[in-house]
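Single-structure report; data block below.
The values are calculated or read from the model by the stated rules, or taken from the named source; none is laboratory data. Treat the numbers as computed from the prediction; the structure is a model and nothing was measured. Note that we place each Cβ from the backbone using ideal geometry, even for glycine, and neighbour counts take in every protein chain shown. Each accessible area value is taken on the protein alone, full model and side chains, heavy atoms only, with ligands, DNA and RNA left out. Shrake-Rupley method; radii C 1.70, N 1.55, O 1.52, S 1.80 Å.
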Amino acid sequence: MGNSCSCFRITSPRHGSKNVEDTYLPEAEIQPEESASNLQHISEREPEDLESDPSSHPTAGPLFMQRSKSDARNCREKRKSQTNLFESRPLKKSSSCSTIYLDDSTVSQPNLKNTIKCVTLAVFYHIRNRSSNKMLDIFDERLHPLSKDGYPEDFEERDPDHRSIYKFVRTLFNAAQLTAECAIITLVYLERLLTYAEIDIVPSTWRRIVLGAILLSSKVWDDQAVWNVDYCQILKDISVEDMNELERQFLEMLQFNINVPASVYAKYYFDLRTLADQNDLTFPSEQLSKERAQKLEAMSRICEDKLAELHKNGFKKWSSLDNITILRKTNAILS
């Protein structure tokens, strides 16, 4: 515009740096490839270390499985050392030619109670077998307490047990009426935060990290998400401003990567079941009745029709299933 020189602001993309300097460049010095029209959309941005990120790559093992290896090995050795195996583990019903036992948890419709137990067990191993005590101020309850009642003196040194973590998560899920799928997405976001921000979960940060992951996963997964002010009704001593800041910084640490492929979701589901089996956290099995068999057949027919439609439209059999929409809970109508 005439002889005037317009400017724009560039900020450092590093979120962990303390001093962020603003640089102003004249419009004439801007290179063509840096123009706004050539900027990559945020949904298309991928982390550089994608293959080593378990929350984005379907073949990379989840972090909680790596941190639970030592405890799982101790459990196996304990079972071998015991003389009577039937006294150490409860009897498990086995299927026969006339009777089939199945649990009610599937990858598309997980059992809510058992899924929360598995996710909180994964969080427990993250805290117990952490490699360091790195943390961020936004997650520290000493700076941003969730309760005005105060904390014990050994609060920073005492690791929480599995029951305490489960009680905290179960209270949030029951009050907000969240789904089991949301619990799995919560664990994916939690491990993605640990990978991107290079931090660990410690006794003074695990509640706010889990809360931030639940807050974000409920908004991404559920069509009618719970508002931040609703969580303030559950946690009476937290403010809306604190919840907003927690969500904003959580997103920044994730580099706004909230995409969870179907293959990654399925990987976390089956690895959680493996973790449950290693810790004797069995899923309750029920006898397969005629009514349950008909419902399973109806749901299978829906999946077969979906795949047949994709194959007809040129979807190859060896292609990834990430583009297939995960089925939500629906009542099957049988003719």
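A few points about this structure:
- If you check THR120, THR171 for being surrounded by fewer than 14 Cβ atoms within 10 Å (Cβ to Cβ), within 23 Å of the chain's Cα centre (by Cα), of a type in the set (S, T, N, Q) and in a helix (DSSP H, G or I), only one passes: THR171.
- Qualifying residue in segment 101-109 (condition: of a type outside the set (D, E, K, R), open to solvent by 60 Å² or more (accessible area, probe 1.4 Å) and out of contact with any Ser or Thr (no Cβ under 8 Å at 6 or more places or on another chain)): no
- Residue match in segment 223-234 (condition: in a helix (DSSP H, G or I) and in contact with a Leu (Cβ under 6 Å, 6 or more places away or on another chain)): no
- Residue within segment 247-256 that is modelled with pLDDT of 90 or more, within 19 Å of PHE173 (Cα to Cα) and of a type outside the set (Asp, Glu) present: no
- The numbered conditions (1) more than 30 Å from GLU141 (Cβ to Cβ); (2) open to solvent by less than 50 Å² (accessible area, probe 1.4 Å) are all true for GLU286 except (2).
- Looking only at residues in segment 216-241 that are among the aliphatic types (A, V, I, L, M) and touching a Cys at 6+ places or on another chain (Cβ under 8 Å), the one that is surrounded by the most Cβ atoms within 10 Å (Cβ to Cβ) is ILE238.
- Residues of segment 230-247 satisfying the condition of being of a type in the set (Val, Ile, Thr) and under 22 Å from the mean Cα position of the chain (by Cα): ILE234
- Within the option set ASN133, ASN84, ASN129, being modelled with pLDDT of 80 or more, under 23 Å from GLN278 (Cβ atoms) and polar (S, T, N, Q) holds for one residue only, ASN129.
- Members of segment 146-168 found to be crowded, with 17+ Cβ neighbours inside 10 Å and over 19 Å from the mean Cα position of the chain (by Cα), listed by number: PRO160
- Within segment 146-163, residues that are assigned to a loop (DSSP other than H, G, I, E, B) have Cβ atoms under 6 Å from residues that are surrounded by fewer than 14 Cβ atoms within 10 Å (Cβ to Cβ) in these pairs: SER147/ASP237; LYS148/ASP237, counting only partners at least 6 apart in sequence or on another chain.
- Note on segment 237-283: residues that are assigned to a loop (DSSP other than H, G, I, E, B) and closer than 19 Å to CYS182 by Cα amount to 8.
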